[in-house]
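Step one of this worksheet: look at the structure below.
The values are calculated or read from the model by the stated rules, or taken from the named source; none is laboratory data. Predicted model only: the values in this text are computed from it and were never measured. Virtual Cβ from ideal backbone geometry, glycine too; neighbours counted across all protein chains shown.
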Amino acid sequence: MNMIAIVASVVCLLAQESATAAQQPSLSAPPLRIGSGDLIEVNIFDDPDLSGRFRVDEKGNVKLPLLGAVRVEGQTAAEAGTTIEREYVAADILNSGNASATVLISEYATQGVFVNGQVKSPGLYPALGIRMLNDLITAAGGILPTATSKVVITRKADPENPITVDYNPEALTPEIPRVQIFPGDTITVPRAGIVYVLGDVNRSGGFVLEGRRALTVEEAMALAGGGGRAAALSRAYLVRTLDDGRKMEVMLSINQIYKGKAPDVALRDGDILYVPTSNRRLAAEQAISSALNIGTSITIYKTAYQ
């Protein structure tokens, strides 16, 4: 390839890169607007009697000295300053020639982002500047092992149409979408269904369904690494909580399921599959009773399906 052709190729590649970059959406910090409950600081030039800090009421108004209620909800600080200045001039309290009002938002009551669901520290987090989805979930302590790999974002501007995105930073191939979050948005991390496999298995704990409606007994045993050396696979127990809150206990033969001689029962959210040790019926019954009161000591495996 001659030099002219090489130069032409480089120019073409640079043009393609520039076009691609132009197509990428630019991120910008949204203008923060005043809302009910916010605290604003009004400074009237050379008139401290009219200046001060004022709380926006539930109607979106602030009550200013000599002027009364002025609506500022939905305005930026600069817009509110212009509005207050105009109202003072219109009321003949200030002269138009030297009137000057500035507004600072001292305390935001409505501009945070609420992060709830399966995160370590749910709550309201500030949304000043450019905030991304991962930033706010990290600020909330990160996701719990019981979280799904989906996150629901409800926009303040469009609450009837929530957005669902994939989010699983712990996967072998992490999924962390670059989604900008705006003031007033809500981030919800839903809880995943969990199936518990306990007793004489190689890896007991809870296994997150990750969007599946159910796991079969054979699949759950595979995730648990199979039975232990002394496992009584011929008399495992399935404990299920019924819709009315009652507990149902069913004996299963995992050996027969392995051989295809018994149906591979589908386990669902909250089910407990208990594999006892051979010749220890009493111990198994006691373990089932304790398994009904699962606490935080149970290990949850979130990445088992990755």
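Of all the numbered requirements in (1) assigned to a strand (DSSP E or B); (2) modelled with pLDDT under 90; (3) not β-branched (V, I, T), G245 misses one, and that requirement is (1).
Quickly run through region 257-279 and pick out the residues that are aromatic (F, W, Y) and either assigned to a strand (DSSP E or B) or not assigned by TED's automatic domain parsing to the domain that holds V208 (or both).
Y274
Among E175, E85, which is charged (D, E, K, R), at pLDDT below 90 and surrounded by 12 or more Cβ atoms within 10 Å (Cβ to Cβ)? Can you show your working first?
Details: E85 fails: at pLDDT below 90.
Residue meeting the stated conditions: E175.
If you scan region 137-164, which residues turn out to be surrounded by fewer than 14 Cβ atoms within 10 Å (Cβ to Cβ) and closer than 19 Å to G193 by Cα? The answer is T164, and nothing else. S234 meets each of the listed conditions (1) assigned to a helix (DSSP H, G or I); (2) within 27 Å of Q118 (Cβ to Cβ) apart from (2). Taken over region 115-164, the criterion of being of a type in the set (V, I, T) and part of a strand (DSSP E or B) is satisfied by V115, V119, I143, V151, V152, I153, T154, I163, T164.
Could you say which residue among D47, D92 is surrounded by 12 or more Cβ atoms within 10 Å (Cβ to Cβ), outside the structural domain of I181 (by TED's automatic domain parsing) and more than 30 Å from P177 (Cα to Cα)?
Going through D47, D92 in turn, just one is surrounded by 12 or more Cβ atoms within 10 Å (Cβ to Cβ), outside the structural domain of I181 (by TED's automatic domain parsing) and more than 30 Å from P177 (Cα to Cα): D47.
Under the condition of being assigned to a strand (DSSP E or B) and either farther than 12 Å from I40 by Cβ or in contact (Cβ under 8 Å) with a residue 60 or more places away in the chain (or both), the residues counted in region 54-109 number 9. Here region 214-233 is the region considered, the condition is being within 15 Å of V265 (Cβ to Cβ) and surrounded by fewer than 17 Cβ atoms within 10 Å (Cβ to Cβ), and the residue that is modelled with the lowest pLDDT is A214. F207 meets all of the listed conditions (1) in a loop (DSSP other than H, G, I, E, B); (2) within 30 Å of G260 (Cα to Cα) but one, namely (1).
So which residues in region 227-250 are in contact with a strand residue (DSSP E or B) (Cβ under 7 Å, 6 or more places away or on another chain) and small (G, A, S), if there are any at all?
G227, G228, A230, A231, A232, A236
Looking across region 174-202, the residues that are in a loop (DSSP other than H, G, I, E, B) and more than 15 Å from I272 (Cβ to Cβ) come down to P174, I176, P177, R178, V179, F182, P183, G184, D185, P190, A192, N202.
Applying the criterion of being surrounded by 15 or more Cβ atoms within 10 Å (Cβ to Cβ) and either in contact with a helix residue (DSSP H, G or I) (Cβ under 9 Å, 6 or more places away or on another chain) or without any contact (Cβ under 8 Å) to a residue 40 or more places away in the chain (or both) to the residues of region 110-123, the residue that is nearest to A78 (Cα to Cα) is V113.
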